[in-house]
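A short reminder: the numbers here are calculations on the coordinates, not readings from a lab. If you're wondering where the values come from, they're calculated on a predicted model, not measured in any experiment. Cβ coordinates were reconstructed from backbone atoms using ideal geometry, including for glycine residues, and neighbour counts include every protein chain displayed.
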Amino acid sequence: MRLTLFSLSLILVSSPFVTATADPLQIPITNPSSSPEYDMSESAPWKTNGLPTLADLLTIESSASIFYSYARELSLSELFSTPPAEQAAHFLDDVTGKGGLMLLVPTNKAVMALARKPHQSPPSNNGQEIEVSEQEYDRQSKENVQRWVEAHIIPTSPLDFPSDSDPTKTTTYDTLLEGKSVSFVLETNEVEVRDGESRIRILSSKTASNGMLYLIDGTINVD
């Protein structure tokens, strides 16, 4: 694990993708439930229509390669390749709707801007660095990555975004990280993510056969 996390730190410093950014798109974003491939009725089978999986989308999304590098360290990432029914079975009562994960994926630029990277632990109360064994370091690092990735996954589908017909509406959803939720608001004809006082733009959205990927220009806070 130490070598892997060291490799991640090299990615953060030297990755050729870290300067890649996505062009901001004018949203409001269409609810997945309005698309034929997202027929959520009880009687309708899940229609993939040849769509890629979330894992496929993350593999080719070079502007978010750091997020996927972290996520691949976790067994949780296996769900990015599984059908919605298997996702729902994994989360049991934690999933509403008919399956499909909603990923809030930070750009490389957003991750690079973090003062404390996702695998790093917060400083001690007295500001002194605490000596820990390699085994304990690996355990803490993996736990930190797990919490950070979970905070960017919403196990709910479809999402109900505010729209022009109801511009004052705010919708809030729990993430996989226990006790962590995010909200969506409509701001100047664009749907934004609200994480406490932070306002995060949604740059683009892509439909997968087993969920939705939303590329965002910030990160969800886990502190």
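Stretching the chain fully between S62 and S205 yields a gain of 50.0 nm (0.36 nm per residue, less the alpha carbon separation).
As a rough guide to protection, the peptides 190-196, 100-106 ranked by mean Cβ packing within 10 Å, highest first, stand as 100-106, 190-196. Classification of the stretch 126-191 by its C-alpha gyration tensor yields a prolate form. The axis ratio a/c (a ≥ b ≥ c) is 1.5 or more, and a/b outweighs b/c.
Normalised by the residues of the stretch 147-190, what does the relative contact order come to in percent, with Cα pairs under 8 Å and at least six apart? RCO, the stretch 147-190: 39 percent.
Each peptide in 139-146, 66-73 receives the mean, over its residues, of other Cβ atoms within 10 Å, and ordering these scores from highest gives 66-73, 139-146. Along its three principal directions, the equivalent ellipsoid of the stretch 109-223 from the Cα gyration tensor extends over semi-axes of 32, 15, 12 Å, largest first. For the residue pairs K117/K180; K109/K180; K142/K206; K109/K169, alpha carbon separations beyond 25 Å are given by K142/K206; K109/K169.
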